[in-house]
Amino acid sequence: MPYGSRLAAQMTRRLGRPCLYTPSARLALYLALRRWCAPGARVLMSPVNDDVILFVVLAAGLRPVQAPVSVWDGNIDPAAVPESTWRNVDAVLTTNLYGVPDRVVELRRRCDQLGIPLFEDAAHAIGTRVEGQPIGTFGKAAAFSLSKHVAGMAGGFLAVEDARERREMERLRDELLVPGRLPGDLATTLRPLARSAVRGLHLVRPVWRTMQHLGLLERDTFRMDLRPRRLAECARHAPSLSAYEPWVRVDLHGFRERHGALVHAQLKVRMDRLDGDLTRRSVGVSLLAGTAWAGRALRDRTAEEGALPLFRVPLLVEDRDVLLDRLVDHGVVCGYVYDPPLDDYAGAEFVEPSPDPSAARWFASHTLPADPLLARRIINALAKERARPALPETPAPDSASGSGPSPERGAATTKPQAR
Ligand SMILES: Cc1ncc(COP(=O)(O)O)c(C=O)c1O
């Protein structure tokens, strides 16, 4: 039996595409990029993304090309990507940021025209559908994360197009896995339970503040330390997961560990609860989408199509950083803030900068990612803090087609934060 095949079978049934189990979404993405992109290939992606994903692309020996994004959701704006860029990319990687879908129909069409693969990062979007079709079934391959919606501290899937590709990717995966160990498996199993206990006992604030003071958090800011000299030295080893491991493993050190039955049993229980969890998320999204802090695109989309079961709801607020800190005192730690955009963070040595970074900067610096499962608490806290909604200076988005305005049509009203 292939490793993780029980969990993979469950995901395959859900998605309707062959899936293989991976210990993380980042490993799934690495596998896809290695399999379908030659070293040196150029990958179009949104700069409003987890820095870990940037390092996965670099580890695969590829050049990350930063796309202009929609100011409404931070996902690639295909219409704003210059034709010269389209002609010079070898693959496209979506984000489906916070679970809000990328413009996948359009991206798929462009990729088909150009004869290049579309990869879907569905880590945030396990319950998202576009025109009735699940995210993760539009491209050549898709990565899912069980660390997100089902709050495991491990687990992911790679979805591919057919059973032959699945067998091939299982072999590639097995070459990259490192042996698991019982202490690691115990920590992976107990950590989500400890997190729930901290929440249940209303200890979020003291625990978080103590971790901050003791320097126990892996990031001092929203981005990890780039260590550019060491990073540049790694380039001669690329493609290599091991060389880039100090960056790729951040937040999930067991990302390539062959966990045992204990971890898998816990993930199975969490997967069984996924549909209930998605329903509760949709309820929270409805509440948050009805507030003044929800962007107009989200409000219109929710009114027209119903609430998506988002991983986070991107609320758009002024003084975002102050609010994030104040929310800790209300027992809410937000996380998943991707600021500054990857091109401002890493610079032209490591990424090709976006031709128009204004929308990404505005979105990254005004977005407060709200967990829909904590919707009421967050709404009350923001009301108490008198949070002010932030508005980009653009025409209303065309939410029915799912495509927001391109950044050229609207400049940011507020200056991006200094790095
Ligand atoms: C957009 C995005 N993709 C992929 C990942 C990686 O997921 P995992 O932690 O399962 O490797 C993350 C992690 O936070 C993410 O935010």
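The values are calculated or read from the model by the stated rules, or taken from the named source; none is laboratory data. Bear in mind the structure is a predicted one, so any value in this text is a computation, not a measurement. Note: ideal-geometry Cβ built from the backbone for every residue, glycine included; neighbour counts use all protein chains shown. What goes into the accessible areas is simple: the full protein's heavy atoms, side chains included, and nothing from ligands, DNA or RNA. Shrake-Rupley method; radii C 1.70, N 1.55, O 1.52, S 1.80 Å.
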TODO: Please work out the C-alpha center-to-center distance from segment 325-347 to segment 34-76 and express it in whole Å.
DONE: 20 Å
Open item on the list: Over segment 274-409, what is the relative contact order in percent, taking alpha-carbon pairs closer than 8 angstrom and at least six residues apart?
Closed with: 34 percent
TODO: For segment 274-409, compute Rh as the Kirkwood radius over C-alpha pairs and then the Stokes-Einstein diffusion coefficient at 37 °C and 0.692 mPa s; write the answer in µm²/s, rounded to an integer.
DONE: 207 µm²/s
- [ ] Among A360, A387, A265, determine the one that fluctuates most according to a GNM of the chain built with springs between C-alpha atoms less than 10 Å apart.
- [x] A265
Task: Backbone HN-Hα couplings from phi across segment 117-127 [Karplus 6.51/-1.76/1.60, Hz, Gly and Pro as x] - done: x, 9, 10, 10, 8, 9, 4, 8, 10, 5, x
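R0 = 30 Å: FRET efficiency of D329 with A265, Cβ-based, nearest 0.05?
With R0 = 30 Å, the Cβ-Cβ based efficiency is 0.25.
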Open item on the list: Rounded to whole Å, give me the distance from the Cα center of segment 133-193 to that of segment 247-293.
Closed with: 12 Å
Task: Separation in nanometres of the label points that stand 7 Å from Cα toward Cβ, at E161 and D174 - done: 2.5 nm
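Shape call for segment 21-157 from the C-alpha gyration tensor, a ≥ b ≥ c root eigenvalues: rounded (a/c under 1.5), prolate (a/b greater than b/c) or oblate? Don't skip to the answer; put the middle values down first.
On the way: a/c = 1.61, a/b = 1.23, b/c = 1.31.
Oblate.
If you stretched the chain out fully between S5 and A232, how much longer would it get, using 0.36 nm times the residue separation minus the C-alpha to C-alpha distance?
77.9 nm
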Task: Computed [θ] at 222 nm, helices only, for the chain once each DSSP H run of length n ≥ 4 contributes -39500 (n - 2.57) - done: -12500 deg cm²/dmol
Task: Full-stretch length increase - R191, T221 - with 0.36 nm per residue and alpha-carbon distance subtracted - done: 8.5 nm
Task: Distant-in-sequence amide H partners of V178 (H built 1.01 Å from N, under 5 Å) - done: E257, R258
- [ ] Read phi for every residue in segment 230-242 and hand back ³J(HN,Hα) as whole Hz from Karplus 6.51 cos²θ - 1.76 cosθ + 1.60, θ = phi - 60°, with x for Gly and Pro.
- [x] 5, 5, 4, 5, 5, 4, 6, 8, 5, x, 6, 5, 5
Task: Phi-based couplings in Hz for segment 151-165 (Karplus 6.51, -1.76, 1.60; Gly and Pro marked x) - done: 6, x, 9, 6, x, x, 9, 10, 9, 10, 7, 8, 5, 5, 4
Task: Within segment 348-365, backbone nitrogen closer than 17 Å to the virtual label 7 Å beyond the Cα of L114 toward Cβ - done: 351-356
Task: Placed amide H near N75: partners under 5 Å, 5+ positions off or other chain - done: S70
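For the chain, what is the relative contact order in percent, using Cα pairs closer than 8 Å and at least 6 residues apart in sequence? Don't skip to the answer; put the middle values down first.
Values: 816 pairs, mean separation 93.3, N = 419.
Relative contact order for the chain comes out at 22 percent.
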Task: Equivalent ellipsoid semi-axes, the chain, via Cα gyration tensor eigenvalues times 5, rooted, Å - done: 29, 27, 22
Task: Of all accessible heavy-atom area on segment 274-409, the percent that carbon and sulfur account for (1.4 Å) - done: 49 percent
Task: Within the chain: Cβ-based charge dipole about Cα centre, in debye rounded to nearest 20 (Lys, Arg +1; Asp, Glu -1) - done: 1160 debye
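Can you tell me the alpha carbon radius of gyration of segment 123-278 divided by the globular rule-of-thumb value 2.2 N^0.38 Å? Could the numbers behind the result be given before it?
On the way: Rg = 18.0 Å, N = 156, 2.2 N^0.38 = 15.0 Å.
Rounded to two decimals, the normalised Rg is 1.20.
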TODO: Quote to one decimal, in nm, the extra length available between S286 and R299 on full extension: 0.36 nm per residue of separation minus the C-alpha distance between them.
DONE: 3.8 nm
Task: Amide hydrogen neighbours beyond the local backbone of T22, cut-off 5 Å, H modeled - done: G156, F157, L158
